[in-house]
Amino acid sequence: MDRRLALKNMGMAMGYTVAAPTLLSILQSCQSEPKEVWNPVYFNADEAHVTKELVDIILPKTDLPSASELQLHKFLDQFMDQVVELEERDFMRMAMGKFMEKARTESGKETVLELNAEDLEPVLAAALVKRSPEDEMAIYETLGSYQESVEAGTPAELDTDIACYMFANNLRGSLIWAYKNTEYIGEEVLAYLPVPGEYIGCAPVEELTGGKDWSITR
């Protein structure tokens, strides 16, 4: 297996290799729950608090609902519990732990539960800074060495900035996928065609959908 490709897919991004109906079923079940109730099944109290803050930093409320209004923090919790394999869970929990500790240290707060959006946003922004191809290659080489040590059962420690990079990018990718596949966004924002019509092989997007991306057919 291409280790670099495997490492790029670690953690929450692994959901893209799972059959879409499985993810959509989890997504729909989360959206049907009462908004005021959340009893995390995978995240501990610190992780749940930070996840709910982060999803709204990445996808805040505008003229569209925020990520938390669409209950995507609950989706991520269920996704980690039901879909992600143990190895990837361990990796993402480690990476998230480093992210939370960096935010706590830099903010001067005593506990993770005291962190708010103002504390988390600069750490997230730094983790999501676009890297050059050379820098990305160096990151994945470091990850490869880390994973080899883990598999060999030898002591391994991953650099905090690399761990934050992996956590933030996997979180953002999974969150955007989930947001675009919610019922509200799929039917009210994207181009939605519940019963597919004729096939048009080549035509301008502006002509077909008014410039909107296609929603999946539900």
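Residues that are among the hydroxyl-bearing types (Ser, Thr, Tyr), under 26 Å from Tyr42 (Cα atoms) and modelled with pLDDT of 90 or more occur in the stretch 160-179; there is at least one. Got at least one residue in the stretch 70-81 being not in a helix (DSSP H, G or I) and not small (Gly, Ala, Ser)? Yes, the stretch 70-81 contains at least one residue that is not in a helix (DSSP H, G or I) and not small (Gly, Ala, Ser). Quick check on my filter: what residues within the stretch 44-69 are in a loop (DSSP other than H, G, I, E, B) and crowded, with 21+ Cβ neighbours inside 10 Å? Hits for the stretch 44-69 are Leu59, Ala67. In the stretch 90-120, the residue that is farthest from Leu54 (Cα to Cα) out of those that are surrounded by 20 or more Cβ atoms within 10 Å (Cβ to Cβ) and modelled with pLDDT under 95 is Phe91.
The values are calculated or read from the model by the stated rules, or taken from the named source; none is laboratory data. This structure is a prediction, so every number in the text was calculated from the model and none was measured. A quick note on method: Cβ atoms are made from the backbone with ideal geometry, for glycine too, and the neighbour counts reach across all protein chains shown.
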